[in-house]
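Contents: one structure, followed by commentary.
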Amino acid sequence: MNTIVCKFGGSSLASAEQFRKVKEIIQSDPARRYVVASAPGKRNAKDIKITDLLYRACAAAREGRPYEEILGTIGGRYDGIASELGIPFDTASEMEALRQHLAISPDPEFCASRGEHIGAKLLAAYLGFPFYDAKDGIVFRPDGTLSARRTDKALGEGLAGLPCAVIPGFYGAEENGRIRTFSRGGSDVTGALAARAVHAGVYENWTDVSGMLFCDPRIVQDPQTIPYVTYRELRELSYMGASVLHEDAVFPVSAAGIPIHIMNTNRPGDDGTRIVPALPAGYRMRTVTGIAGKKGFSSILIEQSMMNSTVGFGAKLLAILASYGVPFEHCPTGIDTMSVVVETAHFTEHREEILSDIQKELMPERVLVEDGLAMIAVVGCGMVASRGCAARIFRTVADAGINIRMIDQGSSELNIILGVDEADFEDAIRSIYREFR
Ligand code: ASP
């Protein structure tokens, strides 16, 4: 039996009703042995996440403002869940430990970690599973970065002694015991690390959506769910704004070849999305797996006769950008022109200096900066070596009356990126969706 690691997000653990659904899911498959828990999230749109309340309490303590009321709200959430589920749980001593910490040396990372810590203890009590404290298995360096190697060893050894366990997400500790957290949404990372440490057959990530969508539902109404996506496709889509998992959650499992299954706690019968190293044999691959995109890009176009024979021209241009810490996204070139696409937000601060350095060092005939560009990535391993795919994209966008301002096809052929005016962004995505859905 292949072990399953399940991570439940904040909305899956927001109330007693959600806890019940989680228990049912865990009990329906004995392979679901290790459970990673987020802190209770929002029960409705107006609610506040426990993690946010904890950050607020910590900020209040640091600034000498009262925080008792916030602690009351936090304790009340856990108490409410425990009493509704009918399990004895000592919320008061957990809250007292937090209160003592706040009174002496309020540390935001420690405070925020208590959301997962207390919630996971409560879930462990409800499931009848042992509680495994993430501080003993997730190892951070003093600079706040994860030590992947030491984590793999400590977590692997710690969990090997337990037939099953509930593990709080989001935090770990330095070797001296100081609690450290990942960035927001980091319980996804804990789940991935646990899956790798126990050599899980699959990492199930339970959330409140039935998987990853073909494109942004705010742009296209009810887009299809993506049944399978490869790690590489996911990387391309996430980079362009499709958010489904914490970015750092993919590498630990992809390196170990462990598939991730995104599932919906509220609709456990739905297929969800499987993130896999390679598509399964016999799966009818779609040409396009998904579409993602972002606004807020600028293009810097440089014109210089005989550029094509001037060795080092491009290197100098990129070095200027690098010297101001501006990463470039794309770099389409012509014979006597070269443009670099950058995120406007990165470029704005040193715009004048960068343009003046370009004038001084490259002495171009013309420099033109255009803002208001949007980038759209059409991603799919089905496009690799497939004829006519680019033509279909360009035709459908042209038929929608949209001018394409930049085209870039990654050499992996896994994606085609289009640059369009920001005003055309949504229409372009809709037209590509209609063509490939
Ligand atoms: N509770 C943390 C947050 O709200 C971590 C997580 O839920 O993954 O960001």
Q: State the answer as a single residue: which of PRO142, VAL166, SER15 lies farthest towards the positive end of the charge dipole of the chain, with beta carbon charges of +1 for Lys and Arg and -1 for Asp and Glu, about the Cα centre.
A: VAL166
Q.
Based on alpha-carbon centroids, what's the gap between segment 310-344 and segment 94-169 in Å, whole number please?
A. 45
**Q.** Net charge dipole size for segment 139-188 [Lys, Arg +1 and Asp, Glu -1 on Cβ; Debye, nearest 20]
**A.** 100
Q. Got a sec? Charge dipole of segment 1-98, +1 on Cβ for Lys and Arg, -1 for Asp and Glu; which of MET95, TYR34, LEU85 is way out at the positive end?
A. TYR34
Q) Length gain on complete extension for the stretch GLN409 to GLU352, per 0.36 nm per residue less the alpha carbon to alpha carbon distance? A) 17.5 nm
**Q.** Area projected by the alpha carbon convex hull of the chain, averaged over all directions, nm²
**A.** 24.7
Q.
Give me the dipole magnitude in Debye, nearest 20, for the chain about the Cα centre, with unit charges on the beta carbon: positive for Lys and Arg, negative for Asp and Glu.
A. 1160
Q) Are there cysteines in the chain with no second cysteine's Cβ under 4.7 Å away, and if so, which? A) CYS6, CYS164, CYS215, CYS331, CYS381, CYS389
Q) How far, in degrees from 0 to 90, does helix 313-323 lean away from the longest principal axis of the Cα atoms of the chain, to the nearest 10? A) 30
(Q) As I understand it, the dipole of segment 174-328 uses +1 on the Cβ of Lys and Arg and -1 on the Cβ of Asp and Glu, about the Cα centre. Which of LEU193, VAL326, SER210 lies farthest toward its positive end? (A) VAL326
Q. Say each of ASP79 and ASP371 gets a label point 7 Å from the Cα, pointing the same way as Cα to Cβ; how far apart are those two points in nm?
A. 5.2
(Q) Per residue, how much accessible surface does segment 168-214 expose to a 1.4 Å probe? Answer in Å², no decimals. (A) 29
Q | Two-decimal log10 I(q)/I(0) for segment 285-420, as the Debye equation yields it once each C-alpha is a single scatterer, q = 0.10, 0.17, 0.21 Å⁻¹ | A | -0.38, -0.96, -1.22
Q: Bin width 5 Å, alpha-carbon pairs only: give the P(r) of segment 231-282 as whole percents, running from 0 to the bin holding the largest distance.
A: 4, 18, 27, 25, 18, 8, 0
Q: With springs only between Cα atoms under 10 Å apart, run a GNM on the chain and tell me which of GLY144, GLY290, GLY380 wobbles the most.
A: GLY144
(Q) Considering all projection directions equally, how large on average is the shadow of the alpha-carbon convex hull of segment 18-135, in square nanometres? (A) 7.7
(Q) How big is the dipole moment of segment 6-106 about its Cα centre under a simple scheme where the beta carbon of each Lys and Arg is +1, that of each Asp and Glu is -1, and everything else is neutral? Debye, nearest 20, please. (A) 420
Q. Could you give the nm distance between label points at ARG150 and ARG99, where each point is 7 Å from its Cα heading toward the beta carbon?
A. 3.4
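The values are calculated or read from the model by the stated rules, or taken from the named source; none is laboratory data. All of these numbers come straight from a predicted model, not from anything done at the bench. Ideal geometry is used to build each Cβ from the backbone, glycine not excepted, and the neighbour counts take in all protein chains shown. For the accessible areas, the whole protein counts, side chains as well, though only heavy atoms, and no ligand, DNA or RNA atoms are used. Shrake-Rupley method; radii C 1.70, N 1.55, O 1.52, S 1.80 Å.
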